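Chemist: Handing you a structure now.
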Amino acid sequence: MVLAGAQEIERLVFKFRRMTQSVPALGKVLLAYRSESEIDDLIKKHGLLRHNENTIGSARKLKENLALVRKLGYALDDEEEELGIRCMGAPIFDSQGHEAAAVSVSGTTSQMERERLGPLSEQVKRTARAISDQLGWPADAWPDKERLNGQQE
């Protein structure tokens with residue numbers, strides 16, 4: 001598993017390996033809890049690069065996917081960045097309820113088969129909740145993120 005802070009994720013998502021226009025699972029997790037204007041600014045500044053036919057290539061589809069991330073509590077990169085690779089991530093919240101980091105697991109499509117994604121998502125979310133709890137975000141507040149729900153300014 002990989003832990004990354006919000007600023008580090010932005011650097012990785014928008015700078016590393018010319019990934020400036022793509023949003024893998026860790027990036028989706030942290031973008032999901034930013035305001036719509038921040039998301040629009042990042043898209044305007046960096047664009048959205050398509051790596052393959054699975055990559056999210058439009059702002060509308062990205063925003064729909066980010067809404068799903070908020071609803072489910074995790075993000076899935078289903079061969080969007082690289083064919084044959086899946087990545088799943090969940091947000092880690094600090095004591096104020098702000099996304100502080102993300103935790104993820106990656107593997108090949110044979111290691112992360114579709115029928116295993118449900119149980120795996122629960123494990124990734126449990127891990128994120130446990131870390132969030134250590135940072136002061138109470139586990140019983142999870143996943144009640146309606147007040148954030150992408151509306152942080």
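The values are calculated or read from the model by the stated rules, or taken from the named source; none is laboratory data. Since this is a predicted model, take the numbers as computed values, not measurements. Neighbour counts are summed over all protein chains in view; Cβ atoms, including those assigned to glycine, are modelled from backbone coordinates with ideal geometry.
Chemist: Could you identify the single residue in 36, 113, 122, 64 that is of a type outside the set (Lys, Arg), within 24 Å of residue 138 (Cβ to Cβ), surrounded by fewer than 14 Cβ atoms within 10 Å (Cβ to Cβ) and modelled with pLDDT of 90 or more?
Modeler: Testing whether each residue is of a type outside the set (Lys, Arg), within 24 Å of residue 138 (Cβ to Cβ), surrounded by fewer than 14 Cβ atoms within 10 Å (Cβ to Cβ) and modelled with pLDDT of 90 or more leaves just 122.
Chemist: Please go through the range 132-145 and pick out each residue that is at negative phi, at pLDDT 70 or above and surrounded by fewer than 19 Cβ atoms within 10 Å (Cβ to Cβ).
Modeler: Those that are at negative phi, at pLDDT 70 or above and surrounded by fewer than 19 Cβ atoms within 10 Å (Cβ to Cβ): 133, 134, 135, 138, 140, 141.
Chemist: Moving to a separate point now. Residue pairs, Cβ under 7 Å, 6 or more apart or interchain, first in the range 127-141 and over 11 Å from residue 101 (Cα atoms), second among the acidic types (Asp, Glu) and surrounded by fewer than 16 Cβ atoms within 10 Å (Cβ to Cβ). List them.
Modeler: That search, which allows pairs on different chains as well, returns 136/94; 137/94.
Chemist: Still on this structure, please answer the following. Please find, among 39, 56, the residue that is among the hydrophobic types (A, V, I, L, M, F, W, C) and either at positive phi or part of a loop (DSSP other than H, G, I, E, B) (or both).
Modeler: Only one candidate passes the filter, namely 56.
Chemist: Pairs only if they're at least six apart or on different chains, beta carbon under 6 angstrom, first in the range 64-87 and β-branched (Val, Ile, Thr), second surrounded by 14 or more Cβ atoms within 10 Å (Cβ to Cβ) and assigned to a strand (DSSP E or B); list them, first residue then second.
Modeler: 69/75
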